[in-house]
Amino acid sequence: MTLIAEQGFSATTVDEIAERAGVAKGTVYYNFKNKNELFEELLRHGVGLLTASLQTAADETAKRGGTSVEALDAMVRAGLAFIDRYPAFTQLYVAELWRTNRAWQSTLLVVRQRAVAVVEKVLQEGIEGGELSREIDIPLTAAALVGMVLVAALDWQAFQPERSIDDVHSALSLLLHGRVGGS
């Protein structure tokens, strides 16, 4: 993933992928029929890790009796931590969201929906529990929250690397809790 993020998908060869992975080129082709399939699996794996970290954050909040907003806040933190740990994956994932002519576009949409669905579930539970407004558009709000974390984290990493994850989380937490406006 890092190699493709550094050079771009088209410029990266299977030989380079095998060399970076420390395996023979034949091993790559034994496991994947081509570079597109390898990339699709990398997308599935990366978004699977993100989805699992979001779900863990929501589950842990629920276990300790936290609110839906606290679960969403924990998910924001988990998303930031994921992006901090896997910056090359995040950069590539966001870049690929904008490209519509790739062979793996349908895979990208499916795995994106899995991550967004975790947030949608917490929003739905918050509405059903009376914590959140029934006026919330669940799919759009979930996508906006995921997008907020992705964009803020990319900005943090690219333009404000001196900030800590706590700084970034605090700023996003204020947005989530609706405390941006003056009193």
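The single condition among (1) within 30 Å of E125 (Cα to Cα); (2) among the hydrophobic types (A, V, I, L, M, F, W, C); (3) modelled with pLDDT of 90 or more that F32 does not meet is (1).
Take the residues of segment 154-183 that are farther than 21 Å from G46 by Cβ and among the acidic types (D, E): which is surrounded by the fewest Cβ atoms within 10 Å (Cβ to Cβ)? It comes out as E162.
Does segment 79-90 contain at least one residue that is among the polar types (S, T, N, Q) and either modelled with pLDDT under 95 or within 15 Å of L42 (Cβ to Cβ) (or both)? Looking through segment 79-90, at least one residue is among the polar types (S, T, N, Q) and either modelled with pLDDT under 95 or within 15 Å of L42 (Cβ to Cβ) (or both). Only one entry of V119, V151 meets the criterion of being under 28 Å from L42 (Cβ atoms), crowded, with 20+ Cβ neighbours inside 10 Å, within 19 Å of the chain's Cα centre (by Cα) and not aromatic (F, W, Y), and that entry is V119. Determine if segment 126-134 includes at least one residue that is buried (at least 20 other Cβ atoms within 10 Å of the Cβ), of a type outside the set (F, W, Y) and not in a helix (DSSP H, G or I). Yes. Applying the criterion of at least 3 residues that are over 26 Å from A153 (Cα atoms) to the helices (runs of 4 or more DSSP H) found wholly in segment 1-87 leaves 14-21, 25-31, 35-63. Yes or no: segment 163-178 includes at least one residue that is touching a residue at least 40 places away in the same chain (Cβ under 8 Å) and farther than 20 Å from T67 by Cα. Yes, segment 163-178 contains a residue that is touching a residue at least 40 places away in the same chain (Cβ under 8 Å) and farther than 20 Å from T67 by Cα. Of the residues making up segment 24-40, one or more are in contact (Cβ under 8 Å) with a residue 40 or more places away in the chain, in contact with a Phe, Trp or Tyr (Cβ under 8 Å, 6 or more places away or on another chain) and either closer than 30 Å to H177 by Cβ or of a type outside the set (D, E) (or both).
For segment 96-123, the set of residues classified as free of Cβ contacts under 8 Å to residues at least 24 places away in the same chain and either touching a Lys or Arg at 6+ places or on another chain (Cβ under 6 Å) or assigned to a helix (DSSP H, G or I) (or both) consists of L97, Q105, S106, L109, V110, Q113, E120, listed by residue number. Go through segment 143-183 and give me each residue that's polar (S, T, N, Q) and outside any helix (DSSP H, G or I). Selection gives Q160, S164, S183.
The values are calculated or read from the model by the stated rules, or taken from the named source; none is laboratory data. Everything quoted here is computed from the prediction, not taken from an experiment. All Cβ positions, glycine included, derive from the backbone under ideal geometry; neighbour counts span all protein chains shown.
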